[in-house]
Amino acid sequence: MLSAVAFTRGPGLMGSLLVGVSFAKGFARALGIPLIDVNHLQGHVMAHFIKENDEDRSAPPMPFLCLLVSGGNSQIVKVNAYNDMQVLGQTIDDAAGEAIDKCSKVMGLGYPGGPIIDKLARQGNPKAFHFAQPHIKGFDYSFSGLKTSFLYQLRDWVKEDPDFIEKNKEDLAASLEFTIVDILMKKLRLAVKETRIKDVALAGGVSANNGLRNAFKYHAKRFGWNINIPKFSYTTDNAAMIAITGYYKFLDGVFCNIDAPAFSKITFK
């Protein structure tokens, strides 16, 4: 027996959201049960609280820091409770996943570029090429400069050798991945240092990246972090993360009106 319908209200692509929101509203009204709207980004963080069995105790203790990295978002979030998430820093332009996708497209490797770059990077030298890193104050990120640096350098290399990309695609992918992971982890280290919170989690679609996951494991050993890395099945957009968020809101009796609209851009409510 269903008690409520949890659905993604945003942020995301408006076309897809409108379809999902409309179906959820019609489904809930037909069954006469309440609606629970879920913030897509909150869902990614809450993926850490999915239990596959009663003995599962893998959820991070609160408060914890979460590096949320996806195609459209790069954020450092302080999680005080499921309904109390504070964004400490976020991208001021392109997100990490977006930068990876665009650089992959420039190389002619296809879209989405995340899985392609990840696979090639495992076979390449991460120190083969060097790309520009931004100097942004605080915990905020910027990836537009890296993307531009990658584009201009690649253009010059291809001008000298038309086959440059094919000859060096593994090293290019590894160097790009290394630079992006380095940018992400520098700000996360700063956040850990200033908040003194050593329970650190990873979330979002880019959390499936092996370079980023390995960086988390390295930081756990070197700096004594208590890390939480989601299963691959819970990294990309999935129904389970929306369901678990809806479950917590249901317990608190937090429902939404039938006329609640979808939204495409926002961080956390």
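Looking across the stretch 137-183, the residues that are within 20 Å of the chain's Cα centre (by Cα) and among the β-branched types (Val, Ile, Thr) come down to Thr179, Ile180, Val181, Ile183. Residues in the stretch 259-267 include at least one that is over 22 Å from the mean Cα position of the chain (by Cα), closer than 30 Å to Ile33 by Cα and of a type outside the set (Gly, Ala, Ser).
Across the stretch 222-238, which residue is farthest from the chain's Cα centre (by Cα) among those that are farther than 23 Å from Lys198 by Cβ and open to solvent by 80 Å² or more (accessible area, probe 1.4 Å)? That would be Phe232. The residue that is surrounded by the fewest Cβ atoms within 10 Å (Cβ to Cβ), among those in the stretch 1-19 that are without any contact (Cβ under 8 Å) to a residue 24 or more places away in the chain and part of a helix (DSSP H, G or I), is Gly15.
Of the set (1) open to solvent by 50 Å² or more (accessible area, probe 1.4 Å); (2) free of Cβ contacts under 8 Å to residues at least 24 places away in the same chain, all apply to Ala24 but (1).
Name every residue in the stretch 20-44 that is part of a helix (DSSP H, G or I) and within 17 Å of Asp259 (Cβ to Cβ), in order of residue number. Break it down stepwise before answering.
Just the residues of the stretch 20-44 that are part of a helix (DSSP H, G or I), to begin with: 20-31, 40-44.
Result: Gly20, Val21, Ser22, Phe23, Ala24, Lys25, Gly26, Phe27, Ala28, Arg29, Ala30.
Within the stretch 36-49, the residues that satisfy the criterion of being open to solvent by less than 10 Å² (accessible area, probe 1.4 Å) and in contact with a helix residue (DSSP H, G or I) (Cβ under 7 Å, 6 or more places away or on another chain) are Ile36, Val38, Gly43, His44, Met46, Ala47. The numbered conditions (1) modelled with pLDDT of 95 or more; (2) open to solvent by 40 Å² or more (accessible area, probe 1.4 Å) are all true for Asn83 except (1). Checked against the criterion of being more than 25 Å from Ala208 (Cβ to Cβ) and touching a helix residue (DSSP H, G or I) at 6+ places or on another chain (Cβ under 9 Å), the stretch 14-27 has no qualifying residue.
Do you know which of the residues in the stretch 240-268 that are assigned to a helix (DSSP H, G or I), touching a residue at least 12 places away in the same chain (Cβ under 8 Å) and not small (Gly, Ala, Ser) is farthest from Pro230 (Cα to Cα)? Please lay out each step first, then the result.
Within the stretch 240-268, the first condition is being assigned to a helix (DSSP H, G or I), and the residues that meet it are 240-251.
From the residues that got through so far, the ones that are touching a residue at least 12 places away in the same chain (Cβ under 8 Å) too are 240-250.
Now restrict to residues that are not small (Gly, Ala, Ser): 241-242, 244-245, 247-250.
Details: Met241: 11, Ile242: 15, Ile244: 14, Thr245: 15, Tyr247: 19, Tyr248: 19, Lys249: 21, Phe250: 23 Å.
Filtering first and then ranking leaves Phe250.
Of all residues in the stretch 86-130, those satisfying the criterion of being hydrophobic (A, V, I, L, M, F, W, C), open to solvent by 20 Å² or more (accessible area, probe 1.4 Å) and either in a helix (DSSP H, G or I) or at pLDDT below 95 (or both) are Ile92, Val106, Leu109, Ile116, Leu120. The criterion of being among the aromatic types (Phe, Trp, Tyr), within 18 Å of the chain's Cα centre (by Cα) and either at pLDDT 95 or above or more than 19 Å from Ala81 (Cβ to Cβ) (or both) does not hold for Phe250.
Restricting attention to the stretch 191-223, which residues are touching a Gly at 6+ places or on another chain (Cβ under 9 Å) and assigned to a helix (DSSP H, G or I)? The answer is Ala191, Gly205, Val206, Ala208.
Can you tell me which residues in the stretch 199-240 are acidic (Asp, Glu) and at pLDDT 95 or above?
Let us first name the residues in the stretch 199-240 that are acidic (Asp, Glu), namely 199, 237.
The answer is Asp199, and nothing else.
Which residues, taken from the stretch 135-188, are outside any helix (DSSP H, G or I) and either in contact (Cβ under 8 Å) with a residue 12 or more places away in the chain or open to solvent by 50 Å² or more (accessible area, probe 1.4 Å) (or both)?
Those that are outside any helix (DSSP H, G or I) and either in contact (Cβ under 8 Å) with a residue 12 or more places away in the chain or open to solvent by 50 Å² or more (accessible area, probe 1.4 Å) (or both): His135, Ile136, Lys137, Gly138, Phe139, Asp140, Tyr141, Ser142, Phe143, Pro162, Asp163.
Table: residues versus (1) of a type in the set (Ser, Thr, Tyr); (2) in contact with a strand residue (DSSP E or B) (Cβ under 6 Å, 6 or more places away or on another chain).
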position	(1), (2)
Ala174	no, no
Ile180	no, no
Val200	no, yes
Ala203	no, yes
Leu212	no, no
Tyr234	yes, no
Ile244	no, no
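The values are calculated or read from the model by the stated rules, or taken from the named source; none is laboratory data. Worth saying up front: this structure is predicted, and the values here are computed from it rather than measured. Note that we place each Cβ from the backbone using ideal geometry, even for glycine, and neighbour counts take in every protein chain shown. Heavy atoms of the whole protein, side chains included, go into the accessibility calculation; ligands, DNA and RNA do not. Shrake-Rupley method; radii C 1.70, N 1.55, O 1.52, S 1.80 Å.
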